[in-house]
Amino acid sequence: MSDSARAGELVVVGTGIKLIVQTTIEALECIKRADRLLYLVTEPATETWVRRLNPAAETLRDCYAPGKPRDRSYREMVQRILASVRTGAYVCAVFYGHPGVFVNPGHDAVRRARREGFRARMLPGISTEDCLFADLGVDPGDEGCQSFEATSFLACRCRFDPTSALILWQVGVLGEPSIRKDMQCRPERLRRLTTYLRRYYAVRHPVVLYEAAQFPISKPRIQRIALANLPTTTVWPITTLYIPPKPSRKPDQAVMRWFDEK
Amino acid sequence: MNIDLSNFLVDLVSQQGRIADFLADPGRVLDESSLTAEEKSALLSGDGARIRKALGLAAGEAAASVLNKSKKPSKRKPTPKPAKKKKPGRKSNQKK
């Protein structure tokens, strides 16, 4: 860290997915010692806990408003975080899960604070992807793993390798600019996604609809179905789609012989 | 926001030994609480969606505060094709 850094410091942390138990000790210490704490979490129990840990906690949730463009809400969050740092305070911004995975304001706040000469860092947290590997018993190192935001994946026809695992995030909100109450993915959009995936996978290829457990007394949702049944299945906004890899290609024997070389 | 249930869950997880008590005998721990029958039933189900609902969240509401806006693919202007060299004009053979 540079000695010439301005007074004021930012640390961006994540709470993990499961209430309390997935917050790292390092993040916990930052939450407790922050002069100013701004948070954006998904359910009231985590909010209660954060407020107990640091009575100075302020929610960023009021940056959202019905009909307000999400990008504008994110910019406001970053502005509020930066305004706190400029007061010279030790500021902690708390986000759900991993603060750098699918959290635009987390990275943006760190970048802007550094650009303005403040010390700023992000601590890793436990993301849904980490929970998925544990709950489904898959190792991304085995066959490789690709992650895409579902709408971007479909809209941009992202190139991927079906012999590696595929994870599609936010599959429950395909092409939706905002979330409505009791919202599910529209079947016609799921059909469109399924049609695209059918170019690469057989109709009976298994897929998994996954939701990580949010509470230590709840279970993750793991629903295994055939790809063909995806359009007729309920997919909530927090659902993630995991597609296991197709059988891998035959390895290059010339490379495999390297293991025998002395 | 359901304050009672939120506080109950936070205490359950943060107080030493309490989660173990719950897992060993959930009925006893819930009977000692002032939660409603509906809240107790949600906790006993172990169903995240029911617990979220008991906390006062509608389906999908939990996601609303964290979901990134899907990036719209940028509308790129097509790269202008290099201007074709004009072929030497064919002279019409037609007789005027």
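How much of the accessible area of the protein assembly as shown, in percent, comes from carbon and sulfur atoms when a 1.4 Å probe is used? Numbers along the way, then the final one.
Numbers: 10100 of 19980 Å².
Whole-percent figure for carbon plus sulfur exposure: 51.
Give me the extension gain from residue A:196 to residue A:61: residue separation times 0.36 nm, minus the current Cα-Cα distance, reported in nm with one decimal. Mind showing how you got there, number by number?
Values: separation 135, 0.36 × 135 = 48.60 nm, distance 3.56 nm.
Taking 0.36 nm per residue and subtracting the Cα distance, the gain is 45.0 nm.
Taking only protein heavy atoms into account and a 1.4 Å probe, give the accessible area per residue of segment A:60-116 in Å².
Values: 2550 Å² over 57 residues.
Ligands and nucleic acids excluded, the result is 45 Å² per residue.
So what is the diffusion coefficient of chain A in µm² per second by Stokes-Einstein at 20 °C and 1.002 mPa s, using a Kirkwood Rh over Cα pairs?
Details: Rh = 20.4 Å.
In µm²/s, the coefficient is 105.
Per-residue Cβ counts within 10 Å, from other chains only, averaged over A:217-226: what number is that?
Values: counts 13, 10, 4, 1, 3, 0, 0, 0, 0, 0.
If you average over the peptide's residues, the count of other-chain Cβ atoms is 3.
With a 1.4 Å probe, how much accessible area is buried between chains B and A, both sides summed, in Å² to the nearest hundred? List each step's numbers first, then the result.
Numbers: alone 8930 and 14400 Å², together 19980 Å².
Answer for the B-A pair: about 3300 Å² buried.
What share of the DSSP beta bridges in chain A is antiparallel, in percent to the nearest 5?
Values: 13 of 37 bridges.
That works out to approximately 35 percent antiparallel.
Can you give the average number of partner chain beta-carbon atoms within 10 Å of each beta-carbon in peptide A:39-52, as a whole number? Don't skip to the answer; put the middle values down first.
Values: counts 0, 2, 3, 9, 12, 13, 13, 3, 3, 11, 7, 1, 2, 4.
Taking the mean over all residues of the peptide, I get 6.
Cβ neighbours within 10 Å, averaged per peptide: list A:64-73, A:100-109, B:44-53 in order, most packed at the top.
Details: A:64-73: 12.4, A:100-109: 21.7, B:44-53: 18.1.
For the peptides A:64-73, A:100-109, B:44-53, the packing ranking is A:100-109, B:44-53, A:64-73.
Please report, in Å, the Rg and the Dmax of segment A:32-112, where both are computed over Cα atoms only.
Rg then Dmax for segment A:32-112, in Å: 12.2, 36.
Scan segment A:161-233 for chymotrypsin sites (Phe, Trp or Tyr not before Pro) in coil per DSSP, keeping those whose Cβ has at most 15 other Cβ atoms within 10 Å, and list them by number. Display every interim value, and only then the final one.
Details: sites: A:169, A:196, A:200, A:201, A:210; in loops: A:200, A:201.
Taking segment A:161-233 and a limit of 15 other Cβ atoms within 10 Å, the loop chymotrypsin sites (Phe, Trp or Tyr not before Pro) found are A:200.
The values are calculated or read from the model by the stated rules, or taken from the named source; none is laboratory data. Keep in mind that this is a model prediction, so the values were computed, not measured. Note: ideal-geometry Cβ built from the backbone for every residue, glycine included; neighbour counts use all protein chains shown. These area figures cover heavy atoms from the full protein model, side chains too; ligands, DNA and RNA do not enter into them. Shrake-Rupley method; radii C 1.70, N 1.55, O 1.52, S 1.80 Å.
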